[in-house]
Amino acid sequence: MIKNLSIKTSIVILFFGSFTVSNAQCTPISEFSENFDTLSCCNMGVVPTCWNSILTSGGGNQIISSTSPASSPSNVYQTGYNKVSIVIMPPLTNINAGTHHFKFKARVNSGQGLLDFGYLTDINDMSTFVVLQSIAISNTTYDNTSERILDVPTTVPVNARLAIRNPGTTWAGHYWDDAVWEAKSNLGTNDLKFKDFKIYPNPFTDAITISETNQIKKLQITDVSGRLIRMIEKPSSTINLKDLKAGVYFITVHQKDGKLETYKTIKE
């Protein structure tokens, strides 16, 4: 549950063919853990106190559902083909500090789903949403592939609000649960480690080295805007990235057991 949030009266605002379910101003926090279990079905735009929701009128759908949550009894449900819904997280004191990451569990009811992780600079205007990473979802249960861990670049505006958007590009119904904003593990070095492999050096100049590549199915490299830079199937232990411009990049590791992990790297 979210801790230390001031509870204020909710208001509803209608504008430009969409509507916002908006909680009043809340004090920014540094961490949260939300499993939505104090909420229940089925009014549109239901979110926890100090969260917000924007829905396209005439079809945008976001409710709290009791259908097979990751942790009972509730999870978020977003659906609507060509209809957009955005769930907006509470204000954060450290959104661009580079010290924390966001993780959540997601699934679909059928087919291929797609959710966007990003932020808004104006919580009453869905056109201000900026994609940090698009997340393809095909698992229909909360299995060992359902948890995603997502970094936030330090370039995000300090007053922005993190959000999950259903862009309405698929017919799938999207469920998600167990949303957490937490401090990253302290590794003691700048190298990126996960289980029994690591990515190094970080920062790098021309190439990165990955240990235990026999566990990895593929890598995706994206820039801070979420644009896919490179997809590498069956990566070798050394990957030449000399052609990349200096800056921040995110490496998403797809393991052979289906698990995903995303890391921030810096090209000097």
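Throughout, read-outs are computed from the coordinates displayed, never taken from laboratory work. This structure is a prediction, so every number in the text was calculated from the model and none was measured. Because the Cβ atoms are built from the backbone with ideal geometry, glycine has one as well, and the counts that use them run over all protein chains shown.
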Anisotropy class of the stretch 57-96 from Cα gyration tensor, a/c 1.5 cut | oblate
So what J values fall out for the stretch 259-267 if you push phi through Karplus, 6.51 cos²θ - 1.76 cosθ + 1.60 with θ = phi - 60°, rounded to Hz, Gly and Pro as x?
-> 6, 10, 8, 10, 10, 8, 10, 10, 9
When the Karplus curve 6.51 cos²θ - 1.76 cosθ + 1.60 is applied with θ = phi - 60°, which whole-Hz ³J(HN,Hα) does each residue of the stretch 246-257 get, with x for Gly and Pro?
-> 4, x, 9, 9, 10, 10, 9, 9, 9, 7, 5, 8
What is the percent of Cα-Cα separations in the stretch 10-183 that go past 22 Å?
-> 37
With the contact rule set at Cα under 8 Å and sequence spacing of 6 or more, what percent relative contact order holds for the stretch 10-183?
-> 28
Cα pair count fraction exceeding 18 Å, expressed as % - the stretch 196-268 | 30
Find, among the chymotrypsin sites (Phe, Trp or Tyr not before Pro) in the stretch 35-89, those assigned to loop by DSSP (not H, G, I, E, B) with at most 15 other beta-carbon atoms within 10 angstrom.
-> Y81
Could you list the residues of the stretch 155-182 with an amide nitrogen less than 12 Å from a label point located 7 Å from the Cα of N94 in the Cα-to-C-beta direction?
-> 181-182
The stretch 204-221 - phi-based ³J(HN,Hα) in whole Hz, Karplus 6.51/-1.76/1.60, Gly and Pro as x = 10, 10, 10, 8, 10, 10, 10, 8, 6, 5, 5, 8, 9, 7, 6, 10, 10, 10
Assuming a ≥ b ≥ c are the square roots of the Cα gyration tensor eigenvalues, decide whether the stretch 56-124 counts as rounded (a/c under 1.5), prolate (otherwise, with a/b larger than b/c) or oblate.
-> oblate
